[in-house]
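The values are calculated or read from the model by the stated rules, or taken from the named source; none is laboratory data. The structure displayed is predicted, hence computed values, not measured ones. Reconstructed Cβ throughout: ideal geometry from the backbone, glycine too, with neighbour counts over all protein chains shown. SASA here: full protein model, heavy atoms, side chains in, ligands and nucleic acids out. Shrake-Rupley method; radii C 1.70, N 1.55, O 1.52, S 1.80 Å.
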Amino acid sequence: MNSNIAKNLVFRNVFVCAVAIAITSCGTATFSKTGSDAQIESLRSFELAFIDEFAVPGKHFNSTAFDAKVNEGNAKFQQAIANDKFTARRPVLVDLKGQFDADAAHLRSKASRGKVTPALASEMKKDVNKIYDHALGR
């Protein structure tokens, strides 16, 4: 009987340790994912502000300011990709960076030719929000 009690205690202790490790690792993953979510929200805010700044009908296109803002965005995306602890999110961040590059190229094309309309800015912002919501699993 004592050997049976000892086996049960060992089994119970191993089980409790395994559960504790699982709970701790889930907490860490959630923390990292939460930080990753905050980083993605920060990138969304940057891209929306970028659109607000350069998708203005009738505004003279300043290529120097535009390039500086694109470079700032590129640096933000590269930093987010390099620093993200939730490795499953890195491909998502790479995709968002690609979308930013495409949006910047499209906006440069329209703005440099004076073809910015209120509908363009509205549609771009709607698309950005949709893409970022999808990236966040919403």
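Listed by first and then second residue, the pairs with beta-carbon distance under 7 Å, at least 6 apart or on different chains, first residue in region 116-138 and under 20 Å from Ala88 (Cα atoms) and part of a loop (DSSP other than H, G, I, E, B), second of a type in the set (Asp, Glu) and open to solvent by less than 70 Å² (accessible area, probe 1.4 Å), are Leu136/Asp37.
Count of region 86-101 residues, restricted to those that are open to solvent by 50 Å² or more (accessible area, probe 1.4 Å) and either under 12 Å from Arg44 (Cβ atoms) or small (Gly, Ala, Ser) (or both), is 2.
Scanning region 118-136 for residues that are within 13 Å of Asp52 (Cα to Cα) and either surrounded by 12 or more Cβ atoms within 10 Å (Cβ to Cβ) or of a type in the set (Lys, Arg) (or both) returns Leu120, Ala121, Ser122, Glu123, Met124, Lys125, Lys126, Val128. Residues in region 82-116 that are among the aliphatic types (A, V, I, L, M) and over 29 Å from Phe61 (Cβ atoms): Ala82, Ala88, Val92. The condition (being modelled with pLDDT of 95 or more and open to solvent by 50 Å² or more (accessible area, probe 1.4 Å)) is satisfied by just one residue among Ala104, Ala49: Ala49.
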